[in-house]
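The values are calculated or read from the model by the stated rules, or taken from the named source; none is laboratory data. Please read these numbers as outputs of a predicted model, since none were measured by experiment. Don't worry about glycine lacking a Cβ; one is built from the backbone with ideal geometry, like all the others, and counts go over all protein chains shown. All accessible areas refer to the heavy atoms of the entire protein, side chains included, with ligands and DNA or RNA removed. Shrake-Rupley method; radii C 1.70, N 1.55, O 1.52, S 1.80 Å.
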Amino acid sequence: MNKGSSQNIPPEISLTRWQIAMRQFSKNRVAVVCAWVLALLYATAIFADFLAPYSFRNEDRDYSYCQPTVIRFLSADGELTAPYVADMKLTFDEFHRRVYEADLTSKFPLKFFTQGDAYKFLGIVPMRLHFFGVDAPGRIYLWGADARGRDLFSRIIYGARTSLSIGILGVLISFSIGLFIGGVAGYFGGRIDNILMRLCEMFMIVPSFYLLLALRAVVPENFTSLQVYFAIVLIMSFIGWAGLARIIRGMSLSLREREFVLSAKAMGLSDGMIILRHILPHTLSYSIISIMLSIPGYILGESALSLLGLGIQDPYASWGNLLSDAMGIVQIQFAPWILMPGLFIFITVVCFNVIGDTLRDCLDPLFKSEMSTA
């Protein structure tokens, strides 16, 4: 009898909360596509040295603002041939504007797994192998060139490594601070709660962007790009923790009166262990959702600083400083492809927001109860 009744139990009952949430998430096709897009962007950033045909430093002033290269499959006689790119010759049109025209007499075959600029694979193994490229003196610009004749495709890939990693590192640091301060304030209450919450309010009353600019002004001018990178991570982490701490504090005030917390106290567990093992884990659902929704803010913050010349400095690439070339309408009209980094910022922000909103729906108990009664 018991065996037969157990076979009639719906399989959903045996699933954990996270398994149910992930099942609901997988049913949202838009969110799944966004997750794959982000996975592709991060994988591209990790293997940027191999995927990019040129180093982010590689430049040729003779190809300043060169338009995107056309990969050709037909010869001058119209016969099908192996893919190649033609040499680009600089000319001027009737308005005295720079125009690059293809010279079909000079062909450079497109090669895969070819030798190019030296780099260290994953920062460890010295290599010169690139996924694709052409032999010198030929140049291939899939998405055009910038003012210094640097390949925009390569620099966008390298810029993804900077912009995407700042979002992840900044969120991890700020959320660690916010979880700790919010958990301590909510668990102990009283004077500790009062002091910590007033500290949070001091950070929250100042507009975040102005506080970001003020803290960035403190960074010494002689910092290298790597030091500026870590300084920006710390600055943005220092700004973003206060809002989370207040919310975690409210959740901790409720959780500290629950039976499992009172039982842990009765068993003699220390306050620190109770906060780490019993208070903060129950805020994990909200924290994950908030992390996904906060990462775009860090990416936009870094992009804004770099766009203003206060972030990652040239020749190092980030999506923000790549957009600095697009500050004038003349440059945009002359070379519209320099807006490509902005497109990647937009795609990344949209993907993170879609995933965050979907996770919020999947992990919301009210949403799940409505789905079960529907």
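A few remarks follow.
- Restricted to strands (runs of 3 or more DSSP E) entirely inside the stretch 85-136, those with at least 2 residues that are under 21 Å from Asp62 (Cβ atoms) and open to solvent by 70 Å² or more (accessible area, probe 1.4 Å) are 98-109.
- Selection of helices (runs of 4 or more DSSP H) fully inside the stretch 287-374 by the criterion of at least 2 residues being modelled with pLDDT of 80 or more and closer than 21 Å to Leu40 by Cα returns 319-322, 340-363.
- Within the stretch 316-352, tally of residues that are free of Cβ contacts under 8 Å to residues at least 40 places away in the same chain and among the β-branched types (Val, Ile, Thr): 3
- Residue that is open to solvent by less than 70 Å² (accessible area, probe 1.4 Å) and at pLDDT below 80, where the choices are Val233, Val206, Val218: Val206
- Candidate set from the stretch 255-275 (those that are of a type outside the set (D, E, K, R) and in contact (Cβ under 8 Å) with a residue 60 or more places away in the chain); member that is nearest to Gly240 (Cα to Cα): Ile275
- Residue list for the stretch 328-346, restricted to those being within 20 Å of the chain's Cα centre (by Cα) and open to solvent by 40 Å² or more (accessible area, probe 1.4 Å): Leu339, Met340, Leu343, Phe346
- Any chance Ser252 is open to solvent by less than 70 Å² (accessible area, probe 1.4 Å), under 24 Å from Ile279 (Cβ atoms) and either among the small types (Gly, Ala, Ser) or modelled with pLDDT under 80 (or both): yes
- The stretch 105-121: number of residues that are touching a Ser or Thr at 6+ places or on another chain (Cβ under 7 Å) and among the β-branched types (Val, Ile, Thr): 0
- Taken over the stretch 47-73, the criterion of being open to solvent by 40 Å² or more (accessible area, probe 1.4 Å), touching a helix residue (DSSP H, G or I) at 6+ places or on another chain (Cβ under 9 Å) and outside any loop (DSSP other than H, G, I, E, B) is satisfied by Leu51 alone.
- Selection from the stretch 289-320 of residues that are within 16 Å of the chain's Cα centre (by Cα) and either open to solvent by 50 Å² or more (accessible area, probe 1.4 Å) or closer than 22 Å to Gln67 by Cβ (or both): Leu293, Leu300, Ala317, Trp319
- Residue count for the stretch 169-201, restricted to those that are open to solvent by less than 10 Å² (accessible area, probe 1.4 Å) and among the aliphatic types (A, V, I, L, M): 3
- Among residues of the stretch 25-46, those that are open to solvent by 70 Å² or more (accessible area, probe 1.4 Å), touching a residue at least 12 places away in the same chain (Cβ under 8 Å) and over 21 Å from Gly133 (Cα atoms), counted: 1
- Residues of the stretch 262-288 classified as farther than 11 Å from Gly186 by Cβ and open to solvent by less than 30 Å² (accessible area, probe 1.4 Å), total: 4
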